[in-house]
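The values are calculated or read from the model by the stated rules, or taken from the named source; none is laboratory data. From a predicted model like this one, the values you see are computed outputs, not experimental measurements. Cβ: placed from backbone, ideal geometry, glycine included. Neighbour counts: every protein chain shown. With ligands, DNA and RNA removed, areas are computed over all heavy atoms of the protein, side chains included. Shrake-Rupley method; radii C 1.70, N 1.55, O 1.52, S 1.80 Å.
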Amino acid sequence: MNARDAKHVVDHLLAARSVAIIGASSREFSAAGRTLRYLKMYGYAGEIYPVNPDRDEVQGLRCYPSLESLPAVPELAVIVRPAPAVPEAVEECGRAGIPSAIVFASGFAEIGRDGARLQQRVADIARRTGIRVLGPNCNGVIGVANKLTATFMSGIDEDGLTLRDDGVAFVTQSGAMGAFILYQAQASGLGIGRFISTGNEMDVTFGEILAGLVQDPTVRVVLGYVEGVRDPQELREALARAAERGVPVCLMKVGRGSVGAAAAASHTGALAGEDVVFDGLLTQYGVTRARDIDHLLDLGRAFAFTPRPRGRRVSIVTLSGGAAVLMADAAEDYGLDVPRWEDEWAERLRRALPPFAAVHNPIDLTGALVTDTSLLRSALAVACEHPGTDIVMVLLGNMQKQERAACDIIAEAAAGTDKPIVTVWVGGTGEAVARLAARGLPAFTEPVRAVRAIAALVEHACPAPPASRLTVSTGQASGPRTGRLLDEVAAKELLQRYRVPAVAERAVTTAQEAAEVAHMIGFPVVIKILSSQVAHKSDYGLVAVGLVDEHAALRAAAQIQEKALALGIDDRRLVVQRMVPSETELILGMRRDPTFGPVIALGIGGVLTEVAADVQVRLPPLRPADVHSMLDSLRYAALLSGVRGRAPVDRDAVCAAVLGFSEFVMVEGDRFESVEINPLLIDQNGLPIAVDALAIERS
């Protein structure tokens with residue numbers, strides 16, 4: 001993906017200086033009539049060319065019979081014709097030299113085979129003529145700065161609705177959900193100034209739009225509604241570009257479960273990747289994941305209206321002690337600090353407040369604030385000066401008659417500091433959020449939501465050690481075995497070429513050889529079946545551990561081969577391994593995701609693998625920071641720190657092993673369906689050692 005081309009595509013869609021509406025209608029409230037009505041209603045200053053061979057005039061404007069009859073070549077075409085007529089319309093646009101077109105119509109790949117064929121026909125035309133096409137099955141675009149409303153959605157069809165631009169861009173794969181979110185944002189005072197609905201992404205993709213948006217210096221944050229990923233590499237490149245430029249990206253991904261994923265596929269023709277992989281991708285590129293619509297808009301509000309904090313120390317100013325505790329608890333949950341103020345600063349605050357006010361942080365102004373709003377001014381002045389405060393959070397409620405005055409005080413304080421001042425207003429008239437938003441300030445109606453959004457802002461501005469983050473781990477799914485099983489000795493020999501340390505071991509064919517090799521390796525030892533027919537040896541009792549002498553080794557080896565014979569296993573080789581004392585076990589593996597290809601999982605292994613399902617996933621190639629993030633984000637990360645007498649993990653050694661595994665995946669990954677090291681033991685020196693490996697080649 002070329003970054004310059006991506007920006008060029010976005011500029012044409014959002015800032016076109018002339019628009020042709022193919023299929024324009026005089027019925028203003030029809031899908032074919034709304035686009036023209038909206039362009040007029042919101043004051044689009046560019047040229048508008050209605051095109052319809054059956055009309056001489058549409059909604060007061062001259063109507064042209066064809067694109068060839070236009071006085072100039074428009075920069076954007078909006079095609080509002082039904083699906084069967086779209087190929088001809090796109091052909092005409094391409095022949096006329098129009099650079100970009102938007103197709104609203106549904107009835108393409110999302111409906112099945114016939115629709116997919118029709119969509120491919122349009123794609124072939126676009127590729128041949130060079131026109132870039134957004135859609136089909138999309139809601140169009142809105143560029144507030146240029147008053148370009150190339151859409152038919154009813155969400156902006158409201159008298160008195162003012163479309164704001166607060167530096168928020170929003171790209172959505174669902175037209176309807178996008179419309180709902182756009183209206184909710186604008187109605188609550190959050191100006192989504194750039195709206196793009198991608199629909200089926202026949203040509204222009206979500207990733208390409210994202211790459212173009214993050215290059216716009218006026219974009220403060222990009223929000224997204226994602227149903228599936230059509231071009232994984234393009235999305236990764238776009239997220240990498242956003243990270244390089246420091247542009248926050250917040251995505252709401254649906255289709256997390258099997259039912260949701262199937263619905264997403266039928267809705268837009270997308271293939272929804274497994275959710276744990278998508279989570280890993282977002283973590284890898286510093287993207288914040290929104291869990292619901294309110295969360296998405298809260299994140300937009302936090303990033304659009306809040307100066308970047310210098311740290312994570314929060315001072316809370318409120319009129320309710322109970323509310324202060326609630327917010328302090330939430331801050332701790334989300335990795336923010338609420339430090340107690342030093343006595344000299346608390347005393348300075350005390351001189352400006354009633355004697356019964358709490359002044360050490362959280363700062364409780366008490367109900368006295370209702371009768372004397374100047375207390376808020378005094379508290380904010382000191383909080384903004386306090387050197388141990390990075391963020392000031394104000395928690396108020398009701399105070400209907402004092403609302404305007406309090407909002408003015410907050411705005412004045414914010415104007416005099418470079419520290420973020422974040423307001424939570426519970427109850428009241430409900431207008432405080434809009435009042436403050438109109439002055440470019442973040443405000444929320446619920447304390448925990450506010451803390452959650454601000455914590456994401458802090459994480460983006462000044463990431464903390466990942467262990468302090470609030471994380472939710474999910475398990476690694478495993479699919480059926482489809483290819484040839486590589487035995488564990490061969491698998492570990494291959495992995496050792498990529499600097500993955502493995503246990504000392506030898507393969508043998510007889511019980512007598514096993515006993516002799518055990519003596520050579522040194523006791524205690526482990527003896528296991530080594531067979532390309534058996535993946536999980538312990539399930540069949542084909543493993544013996546803790547063997548302390550040759551007699552025990554001989555007997556165990558013979559018993560394992562007898563069991564294997566009884567089970568009908570033809571390949572009854574054995575492997576003898578040095579037994580590695582360990583209390584900590586990891587799992588390291590690769591599997592093939594249907595959307596993103598090879599992905600790497602690292603988690604708590606051994607007996608906890610299935611019980612705890614504590615695994616983090618990232619996409620290769622990995623960097624050292626990715627590995628440390630995976631380790632710190634595990635739910636049971638404390639096990640790696642040497643708790644209860646365990647040997648602490650040598651993180652650098654583990655990191656080196658995982659990076660070697662990542663290199664293996666990049667070089668050899670196409671050969672395998674999955675590769676799993678379980679367990680990757682941590683020995684008495686804290687070093688990782690692979691003692692078992694399962695590698696399944698692609699069929």
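At-a-glance table
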| quantity | calculated |
| --- | --- |
| Charge tally in the Cβ shell below 13 Å around Gly280, where Lys, Arg are +1 and Asp, Glu are -1, Gly280 excluded | 0 |
| Sequence-separation-based contact order of the chain, relative, with Cα cut under 8 Å and 6+ spacing, percent | 9 percent |
| Lys pairs, the chain - Cα-Cα below 18 angstrom, 8 or more residues apart or on other chains | 6 |
| Accessible area of the chain divided out per residue, in Å², using a probe of 1.4 angstrom | 40 Å² |
| Rounded Å value of the spacing that divides the Cα centres of segment 646-699 and segment 549-593 | 19 Å |
| Accessible surface of the chain [probe 1.4 Å, protein heavy atoms]: carbon and sulfur percent | 51 percent |
| Lys, Arg +1 and Asp, Glu -1 on Cβ, resulting dipole of segment 332-402 about Cα centre, debye, nearest 20 | 460 debye |
| Shape category assigned to segment 482-582 from the gyration tensor of Cα positions, a/c cut at 1.5 | oblate |
| Gain in span if fully extended, Asp54 to His551, counting 0.36 nm per residue against the direct Cα distance | 169.2 nm |
| Shape of segment 501-656, Cα gyration tensor, a/c cut at 1.5 | prolate |
| Residue-averaged [θ]222 nm for the chain, counting only DSSP H segments that reach four residues, each worth -39500 (n - 2.57) | -11500 deg cm²/dmol |
| Amide H within-cut-off set for Val615, under 5 Å, with H built and near neighbours excluded | Thr474 |
| Cα gyration tensor shape of the chain, rounded if a/c is under 1.5, else prolate or oblate by comparing a/b with b/c | oblate |
| Residues whose placed amide H lies under 5 Å from that of Gly167, excluding near-sequence neighbours | Gly193 |
| Highest-first arrangement of 425-431, 585-591, where packing means the average Cβ count within 10 Å | 585-591, 425-431 |
